[in-house]
Amino acid sequence: MTQPLLRGTIRPGPAGPAGRASLLVLGPSLGTTTTLWDPVVGALGALGDPAHPDLRVLSFDLPGHGVSPAAREPFTVAELADAVIALVDSATAAALGPDAAPESFHYAGISLGGAVGLELGIRHPGRLLSLTVVCSAARIGTAEGWHERAAQIRASGTPSMVIGSAERWFAPGFLERDPAAGAGALNRLLDIDDESYALCCEALAAFDECDAVAGIAVQTLCVAGELDLATPSALVTELAAAIPGARFAEIAGVAHLPSLERPRDLAGLLREQLAATPPATSAEEPIGLAVAQDPSARTAAEVYTAGLAVRRAVLGDTHVDAATAAITPETADFQDFITRYAWGEIWTRPGLDRRTRSFLTLACLITGGHEHELAMHVRAALTNGLSRAEISEAMLHTAIYAGVPAANSALSIARTTFAALDAEAAAPAPTPTLP
C-alpha cells in the first residue's frame, strides 16, 4: 500500500516536554472513531495520575474511519498492529527528531482495537509497557458471520448497521439515559467508508490467535462488560486465563462500549494499569525496548512456564506434544534446557519481536547448515507473521553471506514445507463425532 493504513491524533501531556511523557495509544472498535475514547481521556485527567503526570495520548482511527484513509486492498489484524507501530514511530520522530530511538508505550483497545493490541503483544512485545484489552478476545465471532456482515455492508452500506450496532454496543436503557453519547456514536457510523468497514470485517474473519496469546509476556488487563453479547464475560475470562499473569475485570451494567457507558469506571481500571508500570522520566533515558520484567526476578519455574508457552505458540501444540512424548531419560535434561533457555530466556525477551527473531533464526540455521530444524522454523516464521515471499527473500539474502549451496538447500526445504502446508490446508476436515 502506498499510504499508511492508520492516522491518528496525539494530545501532549499537560506539563513538560512531549519527549518526557509516557505514551498511551488507544485503539477503537469497529464502526467508531477516536471520539470513542474521549470520555475516558477526560476522566483520566479528572482522576489525575501522579505516576504519569505528563501522559501523552495517541488515538487512531481504523481504515476508512475518521481521519484514516479508505482502504481498497485486504489487510489483516496483524498488519493493523504493524501500522500502529509505524504511527507511533512517526509521532516520535515528529516530536523528537528522525533519529529518535523507538518508543515503548501503553496500549488500550476496544473490540477490534483490542484484537490489534493482542497482535502487538504477540508481534511487538518489546514496544509495549502494558496492554489493556477491552471487550475483545483472541477470536471474535465466526468467520461466516463476519463475511455475511461484509456482504451486507457492500450491498446496503453502513446505515444498514445502525440498529444492530445500537443493540450490540449499548446496554438496555443507555440510549434513553444518554441520548447524546449514543446518537453521536451511531451518527459517526454513517460516515464510515463502506468498503473499509467490509475489509475490517474480513480481517476479523481471519483473526484467530487463540494459541498465540499464551506467549504474550506483557503486563495485561482484560476488561469485560457485564451485559456484552458480542464478547461475553466468559470469553474475556478465557482470554485472561490464556495470557500468563493477565488480570480480569468486569464493568457492571455495560455492554460492548464501556468507554461511552461508564467512562470513569474504565478510566479507573486504566489508571491502575498505568500506575503498575514506571513512566519515562527524562529524554536522556528513553523508554525504548526495555525488558518488561527483570529476568533475574523470575523463578526457574516461571522461566520454564513462560518458555513452554512461547514454544507452543511459535511451534504449535502438535510439535511440542510430539517432542514431549518422545522424551527419554537420556533426553529429558536437554528438553528442559531448550524450554528454559532457548524459549524461556531468549524468545521471551521483548528486545526483539518474534518476526525479527524468526528472520535471525532462519539465517543462523542456514549459515550453520542445520537443515534438520529448518522446516520447523519455516513453519514457525509463518506463525510469527512472515510471508512466504519474505522467507524466500531472507534465504536469497543468505546466498551472499552464507553461500549459494546453503541457500539453495534452504529454498528446497522451504518449497517442500510450503507444499506440505498447502496439502494440509486442502485435506478434508475430519467428520466430528457427536456426543
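The values are calculated or read from the model by the stated rules, or taken from the named source; none is laboratory data. In this text the structure is predicted, and so the values were computed from the model without any measurement. Here the Cβ positions follow ideal geometry from the backbone for every residue, glycine too, while neighbour counts run over all protein chains shown. We work out accessible area using only protein heavy atoms, side chains counted, and drop any ligands, DNA or RNA first. Shrake-Rupley method; radii C 1.70, N 1.55, O 1.52, S 1.80 Å.
Brief remarks follow.
- Surface per residue (accessible, 1.4 Å probe) for the range 94-230, Å²: 36 Å²
- Space enclosed by the convex hull of the alpha-carbon atoms of the chain, per residue, Å³: 173 Å³
- Accessible area of the range 339-409 belonging to carbon and sulfur atoms, whole % at 1.4 Å probe: 59 percent
- Taking Lys and Arg as +1 and Asp and Glu as -1, the other residues whose beta-carbon sits under 12 Å from that of P4 total -3.
- Accessible surface, the range 339-410, averaged per residue in Å² (probe 1.4 Å): 49 Å²
- From largest to smallest, the equivalent ellipsoid semi-axes obtained for the range 338-403 from the alpha-carbon gyration tensor read 20, 14, 11 Å.
- Dipole magnitude for the range 349-412: computed about the Cα centre from +1 point charges on Lys and Arg Cβ and -1 point charges on Asp and Glu Cβ, it is near 220 debye.
- With the simple spin-label model, which puts each label point 7 Å out from Cα in the Cβ direction, the Q152 to D208 separation comes to 2.2 nm.
- Ranked from largest, the principal axis spans of the Cα set of the range 91-199 equal 47, 34, 25 Å.
- Modelled label positions at R264 and Q335, each set 7 Å beyond Cα in the direction of Cβ, lie 5.5 nm from each other.
- Linear extension gain, V67 paired with A325, 0.36 nm per residue minus alpha-carbon span: 87.6 nm
- Between the helical axis of 194-206 and the longest alpha-carbon principal axis of the chain there is an angle of about 40 degrees.
- Rounded accessible area of S412 (nearest 10 Å², 1.4 Å probe): 50 Å²
- All alpha carbon pair distances within the range 361-435 were sorted into 10 Å bins beginning at 0; the resulting P(r) in whole percents reads 19, 47, 18, 9, 5, 1.
- Largest to smallest in accessible area, the residues C222, C210, C364 fall in the order C364, C210, C222 (1.4 Å probe, all protein chains included).
- For T417, net neighbour charge (Lys/Arg +1, Asp/Glu -1) across residues whose Cβ lies under 13 Å away: -1
- Helix 388-401 and the long axis of the chain differ in direction by around 50°, with both axes built from C-alpha atoms.
- Were the residues from T237 through E195 laid out at 0.36 nm apart, the gain over their Cα-Cα distance would be 11.9 nm.
- Axis of helix 404-426 versus longest Cα principal axis of the chain: the two differ by about 60°, to the nearest ten degrees.
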